[in-house]
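Working notes, beginning with the structure itself.
Taken together, the values in this text are just the output of simple stated rules run on the coordinates, not laboratory data. Here the structure is a predicted model, which means the values were calculated and not measured. Neighbour counts are summed over all protein chains in view; Cβ atoms, including those assigned to glycine, are modelled from backbone coordinates with ideal geometry.
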Ligand SMILES: [Fe+2]
Ligand SMILES: [Fe+2]
C-alpha cells in the first residue's frame, strides 16, 4: 500500500513541477486527469487499492519530462525522473519499479 502521506507529497511535488512544463497542454491538469482516469480504469478491472494507487501515481508522473521537441522519448525520460522522485519520497522498490514501467511504456503499451 502506498501511504496517503506519500500520495499527498507526490501530488504537491507534481503540482509545482508541472508549472515548468514546456508544453502547456501537458501541465498539472493533464497529469491529474490521466491519474484519475488510470485509477478508475484499474478499479473497473476489480484490481486492488494498491494497484489503483500505483496507477494514480503513474498517471501523475507520466509526462513529468515533456520537452516540446521530443528529441528524446519523453516516456523514457519521465520514467527516469519518476525513479528519482519516488526514491526521494521513499516508496518501496517494488512500487517504484511498477510505476516506472507504466510511465516508460505509456506511449507504446506492452502486455505483461
Ligand atoms: Fe500525457
Ligand atoms: Fe506522454
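For this structure, a couple of remarks:
- Among the residues of the range 1-25, those identified as within 15 Å of ligand 2 (Cβ to nearest atom) and more than 13 Å from the chain's Cα centre (by Cα) are 21, 22, 23, 24, 25.
- Check on residue 42, within 16 Å of ligand 2 (Cβ to nearest atom) and either in contact (Cβ under 8 Å) with a residue 12 or more places away in the chain or touching a helix residue (DSSP H, G or I) at 6+ places or on another chain (Cβ under 6 Å) (or both): no
- Candidates in the range 41-68 are the residues that are surrounded by 13 or more Cβ atoms within 10 Å (Cβ to Cβ) and away from ligand 1 (no atom under 15 Å from the Cβ); of these, the one that is nearest to the chain's Cα centre (by Cα) is 54.
- When the range 11-37 is limited to residues that are touching a helix residue (DSSP H, G or I) at 6+ places or on another chain (Cβ under 6 Å) and touching a residue at least 40 places away in the same chain (Cβ under 8 Å), the one that is surrounded by the most Cβ atoms within 10 Å (Cβ to Cβ) turns out to be 14.
- Among residues of the range 96-112, those that are in a helix (DSSP H, G or I) and closer than 14 Å to residue 56 by Cβ, counted: 4
- When residues in the range 81-100 are screened for being on the phi < 0 side of the Ramachandran plot and either exposed (fewer than 15 other Cβ atoms within 10 Å of the Cβ) or within 12 Å of ligand 1 (Cβ to nearest atom) (or both), 7 of them pass.
- Considering the range 69-94, and only residues there that are more than 15 Å from the chain's Cα centre (by Cα) and within 17 Å of residue 27 (Cα to Cα), the residue that is nearest to ligand 2 (Cβ to nearest atom) turns out to be 70.
- Taking the listed residues 107, 66, the one that is in contact with a helix residue (DSSP H, G or I) (Cβ under 7 Å, 6 or more places away or on another chain), within 15 Å of ligand 2 (Cβ to nearest atom) and more than 18 Å from residue 14 (Cβ to Cβ) is 107, with no other qualifying.
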